[in-house]
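This report refers to the structure that appears directly beneath it.
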Amino acid sequence: SGKTTVLVNRVQHIIESGLAQPWQMLAITFTNKAAGELRERLVSAIGEEANSIWAHTFHSCCSRILRRFADRIGYTSHFTIYDTDDSRRVMKQCQKQLGIEDKFLNHKSILSEISRAKDSLIDTDEYKAASSNDFRKGKIAQCYELYQSELKKADAMDFDDIIFNTVKLLQENEDVLELYQTQFKYVMVDEYQDTNHAQYVLT
């Protein structure tokens, strides 16, 4: 449908009209492949200065912000990003510690429930409060709490934490929020209707 072409032309127009510097533009897309293609096309349209445009996926944009300000939320700037296998390994350890057998509550279903909570920006305390009358959810709440504390101990975040923690960082640190609100004069999101709640709030 030519969305990328529209995005490239729009960015080119804004820069050539002097409405913004390249580093004042944020263009978000959903896959690494699309972000790479967008960057390539911007460079061929505008030249090398296009490299300072923030053309990223949501996750790589958030990682970039977190690497700079992770200390504000109790991490170091060298935090590790856990993949699915890492998350499963940690969750199985949590279940073992809590005496929750996998055949009673599967580690994959616990992780997908935690992922849904993070996408909805529900932290461990809120989840625990909401699940007090539900035995199964109560067990998941215990897993969620222990899982997050194990990640923190390892200076690690899972994929969902990247956006969750960026929203938290911006909501709790007025100066950081102001820094990026001032920096970005234009924010463009490819496929805006595909954003989940956390991405919507971030935007």
Positions within region 84-109 being open to solvent by less than 70 Å² (accessible area, probe 1.4 Å) and in contact with a helix residue (DSSP H, G or I) (Cβ under 7 Å, 6 or more places away or on another chain), in sequence order:
Ser87, Val90, Met91, Cys94, Gln95, Leu98, Ile100, Asp102, Leu105, His107
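When the residues of region 5-27 are narrowed to those that are open to solvent by 40 Å² or more (accessible area, probe 1.4 Å) and touching a residue at least 60 places away in the same chain (Cβ under 8 Å), which ends up farthest from Gly47 (Cα to Cα)?
This residue is Leu19.
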Taking Ile122 as meeting all but one of (1) touching a helix residue (DSSP H, G or I) at 6+ places or on another chain (Cβ under 7 Å); (2) among the β-branched types (Val, Ile, Thr); (3) open to solvent by 30 Å² or more (accessible area, probe 1.4 Å), write down the number of the exception.
(1)
Enumeration of residues in region 94-122 that are within 24 Å of Leu169 (Cα to Cα) and either touching a Cys at 6+ places or on another chain (Cβ under 6 Å) or touching a residue at least 40 places away in the same chain (Cβ under 8 Å) (or both):
Ile114, Ser115, Lys118, Asp119, Ser120, Leu121
Please work out if Ile81 is surrounded by 14 or more Cβ atoms within 10 Å (Cβ to Cβ), within 30 Å of Gly36 (Cβ to Cβ) and β-branched (Val, Ile, Thr).
yes
Tell me, which strands (runs of 3 or more DSSP E) lie completely within region 1-109 with 2 or more residues that are closer than 30 Å to Glu145 by Cα and within 22 Å of the chain's Cα centre (by Cα)?
80-82
Restricting attention to region 181-200, which residues are out of contact with any Asp or Glu (no Cβ under 8 Å at 6 or more places or on another chain) and surrounded by 16 or more Cβ atoms within 10 Å (Cβ to Cβ)?
Met188, Val189, Asp190, Thr195, Gln199
Where residues in region 28-56 are surrounded by fewer than 19 Cβ atoms within 10 Å (Cβ to Cβ), of a type in the set (Ser, Thr, Tyr) and in contact (Cβ under 8 Å) with a residue 12 or more places away in the chain, which of them is farthest from Tyr186 (Cα to Cα)?
Thr31
Assuming Val201 fulfils every condition listed in (1) free of Cβ contacts under 8 Å to residues at least 60 places away in the same chain; (2) under 15 Å from Cys61 (Cα atoms); (3) hydrophobic (A, V, I, L, M, F, W, C) apart from one, which condition is it?
(1)
Would you check which residues across region 133-143 are open to solvent by 30 Å² or more (accessible area, probe 1.4 Å) and touching a helix residue (DSSP H, G or I) at 6+ places or on another chain (Cβ under 7 Å) and list them?
Gln142
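The values are calculated or read from the model by the stated rules, or taken from the named source; none is laboratory data. Please read these numbers as outputs of a predicted model, since none were measured by experiment. When we count neighbours, we look across all protein chains shown, and the Cβ atoms used for this are built from the backbone with ideal geometry, even at glycine. Please note that ligands, DNA and RNA were not included when accessible areas were found on the heavy atoms of the full protein model with its side chains. Shrake-Rupley method; radii C 1.70, N 1.55, O 1.52, S 1.80 Å.
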